[in-house]
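Written out below as structure tokens is the structure these notes cover.
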Amino acid sequence: MTSLTAALTGALDCFHNEQADAKLVYGPQRQAVLSLKKAEHAFETITSWPNYQASDLHLLESMAKEANIAQIYYKDESTRFGLKSFKALGGAYAVTRFLQEHLSLLNGKEPSMSDLLSGHYKEQLKDVVVSCATDGNHGRSVAWGAQMFGCQCIIYIHRDVSVGRQSAMEAYAAKVIRITGNYDESVRQAAVDAKKYDRAIISDTSYEGYTKVPANVALGYTVMLSETVTQLNGQIPTHVFIQAGVGGLAAAVCGYFWDLWGDKRPRFVVVEPEAANCLQESAKAGELQVVEGDLDTLMAGLACGEVSHIAWEILDKGADDFITLSEDAVAPCMRALEQHTPSIEAGESAVAGLAACIVGAQNAKWRLALGLDEQSKVLVLGTEGATDPELYQELVFGA
Ligand SMILES: Cc1ncc(COP(=O)(O)O)c(C=O)c1O
């Protein structure tokens, strides 16, 4: 059989976080941000939406063998709600929570999910506007949620977001505004305009004084984790390699498993692009750091220079390693998944965790640094499918 991973090379920069301690209890402070208890509501809500289906957990046995580790579990978000990424869970859930709160202030009682879905509150919602900045996937989720519940949606994108990603949001009736700056500037612009025009910001990143909505976004992501736990059927992975932009996803994964498994939790390895390593820089400095510049990376969903504040509250002591992955590993890893049996569609930002795991396991120095060996069972999250179909074709088939 031909090797799937032979072409998969790349470089890692590994930083071990001495602040992390598996013995540390998760505790009430972190539970106030994200907990198993709070995640129950998200699970009940999201699993009641039309067309809900748990996503697959694949075993990448041949790749694990080639990397000389025991197993790789790949949670495949490429079909989630037809939006093609895990982000479908977060933004739309935060829209739901915002609208439920808005309507309960107006009517004195919180609407049920079925009333919201049935269009019962159409009149009261038609002039409500939700808004956010995005590099694609989060905005698609907010736009989809707004359309599902009948409110309006205005999305801000930065200069490098592809036209394909823009159209995908417009397909859910969102108005899309492109700015000339980078992702972090689009976040600020959306916030300024929301204040001016009385829009509700549904952001996946949190900053000073803005935490409630992004915490709901992260709770939405936990549906994927709850499914994973069921699919793992009692197994606890030794490692989770999880890619990060602002860190919201990584914090949800780390917080959920830490609250669930306590000191048996896996080793959490956060993976970022070299040019957008704000979490790694923050870990090295012991406090939040901003990465300036173009944040130029193929992994569009990870092109973030500022860490989400609430994410840091979990990751500063929860993430064991902060590593970067070089760009050359991305396309070969997408190809390896396409050639896998069964074939798996994975976009550029989906593969960072898997690529880092394989590259790390195949190099003696990084293997040791990351504590990988023949007994390691690694969980990775394939967070998106071909969310930019043209780029996918080019990277995977050279078309
Ligand atoms: C496909 C994909 N994976 C991972 C991430 C990282 O999520 P976060 O920004 O919460 O760290 C994103 C963010 O947009 C994404 O689109």
### Task
At a Cα cut-off below 18 Å, give the aspartates and glutamates reachable from Lys195, other chains included and same-chain residues fewer than 8 away excluded.
Asp127, Asp184, Glu185, Asp204, Glu208
#### Entry: Under 16 Å from the Cα of Lys87 - lysines, other chains or at least 8 residues apart
Lys75
### Query
Taking the chain as the region of interest, what is the percent of Cα-Cα pairs per 20 angstrom bin, listed from the shortest bin to the one with the maximum distance?
30, 60, 10, 0
### Query
Roughly speaking, what is the stretch gain from Phe397 to Thr47, that is 0.36 nm per residue apart minus the C-alpha to C-alpha distance, in nm to one decimal?
122.5 nm
### Query
Quick one: which of 78-90, 293-305, 49-61 comes out on top by average Cβ neighbours within 10 Å, and what's the full order, highest first?
78-90, 293-305, 49-61
#### Entry: Highest-first arrangement of 355-368, 25-38, where packing means the average Cβ count within 10 Å
355-368, 25-38
### Task
Normalising by the residue count of the chain, find the relative contact order in percent from Cα pairs under 8 Å and 6+ residues apart.
26
### Query
At a Förster radius of 51 Å, what calculated FRET efficiency corresponds to the Cβ-Cβ distance of Asn233 and Val129, to the nearest 0.05?
0.70
### Query
Can you give the charge dipole size of region 1-99 about its Cα centre, rounded to the nearest 20 debye, using +1 on the beta carbon of Lys and Arg and -1 on the beta carbon of Asp and Glu?
400
### Message
Of Gln289, Ile314, Gly382, which is farthest towards the positive pole of the chain's charge dipole, taken about the Cα centre with +1 and -1 on the beta-carbons of Lys, Arg and Asp, Glu respectively?
### Response
Ile314
### Task
Could you work out the Rg to Rh ratio of region 255-307, with Rh taken as the Kirkwood radius (inverse of the mean 1/r over all Cα pairs)?
1.08
### Label-to-label distance, nm, for residues given as Lys23 and Lys65 (7 Å Cα→Cβ offset)
4.0
#### Entry: Total charge dipole magnitude, region 87-212, about the Cα centre, Cβ charges on Lys, Arg, Asp, Glu only, Debye to nearest 20
140
### Summary
For 15-22, 383-390, ranked highest to lowest by mean beta-carbon neighbours within 10 Å, the order is 383-390, 15-22
### Task
Note down the magnitude of the dipole of the chain about its Cα centre, charges +1 on Lys and Arg C-beta and -1 on Asp and Glu C-beta and zero elsewhere, to the nearest 20 debye.
960
### Query
In terms of Cα to Cα distance under 20 Å, which aspartates and glutamates are near enough to Lys122, apart from those fewer than 8 places away along the same chain?
Glu101, Glu110, Asp198
### Message
Please give me, ordered by residue number, the GluC sites (Glu not before Pro) of region 257-299 that lie in loop per DSSP and have at most 11 other Cβ atoms within 10 Å.
### Response
Glu287, Glu292
### Query
Between region 259-313 and region 345-393, how many Å separate their Cα centres?
16
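Bear in mind these aren't lab numbers, they're just calculated from the coordinates by the rules spelled out. None of the values given here were measured: they were computed from a predicted structure. Counting neighbours? That spans all protein chains shown, and the Cβs are built from the backbone with ideal geometry, glycine included.
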